[in-house]
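Colleague: For reference, the structure I am asking about is given below.
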Amino acid sequence: MTANPMRSGLAWLWLTALVIALDQATKAIVLHALTPYVPHPVIPGIFNWTLAFNTGAAFSFLAEHPQWSRWLFSLIAIGVSAVLVRWLAQTPRRDWRTALPLALVIGGAIGNLIDRLRMGQVTDFIQVYIGAWPFPAFNVADSAISVGAVLLVIFGLFVRDKATK
């Protein structure tokens, strides 16, 4: 079954492209402007620009195995993106509560996939603190994945229940 991109959620791929473009542009800027692992305080004690590199997944999971984790996480990103694009193709365009989060997650996955394939690592640069504890550095792609996943849960658990009652 071929989905009509103008009637399906595939029309939301513009958002995926925007996430990828913003992610890659910000990474290019910080790679040029920042020194690795040197914090540049924006709001001291709360928010820094800190250029860091991650050869693993979230929170540096499996980073100690960069030789094979690069390819494992690349395959996972490709597989997840393919499944989500198929889901998007089966989603009506007007169903923004499904299409918007899917487009964000796909864009984030592809943004980090580009880094992984090009450099063997993901470029991170946003660092926030909770009290004295620094949260691991992240990037625009990570933010899009996180926001998309949270929206899928919120819309899936709470909004749909109210709509069906």
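Colleague: What spacing in nm lies between the two simple spin-label points modelled at residue 129 and residue 153, each 7 Å away from Cα in the Cβ direction?
Modeller: Placing both labels 7 Å beyond Cα along the Cβ direction yields 2.7 nm.
Colleague: Show me 44-54, 149-159 ranked by packing, highest mean number of other Cβ atoms within 10 Å first.
Modeller: Working: 44-54: 16.7, 149-159: 13.3.
Answer by packing, highest mean first, reads 44-54, 149-159.
Colleague: Sticking with this one: Return the calculated 222 nm mean residue ellipticity for the chain, to the nearest 500 deg cm²/dmol, obtained by summing -39500 (n - 2.57) across DSSP H runs with n ≥ 4 and dividing by the residue count.
Modeller: Numbers: 5 runs with 89 residues, N = 165.
For the chain, the value works out to -18000 deg cm²/dmol.
Colleague: Which of the peptides 100-106, 77-83 is most tightly packed, and how do the rest follow, judged by the mean count of other Cβ atoms within 10 Å per residue? Working shown, then result.
Modeller: On the way: 100-106: 25.0, 77-83: 14.7.
Those peptides, ordered most packed to least, come out 100-106, 77-83.
Colleague: Here's another thing I want to ask about it. For the chain, what ratio Rg/Rh do Cα atoms give with a Kirkwood hydrodynamic radius?
Modeller: Taking Rg over the Kirkwood Rh, I get 1.02.
Computed from the coordinates by the stated procedures, all read-outs in this text should not be read as laboratory data. What you see is a predicted model, and the numbers here were worked out from it, not measured in a lab. Backbone-built Cβ (ideal geometry, glycine too); neighbour counts: all protein chains shown.
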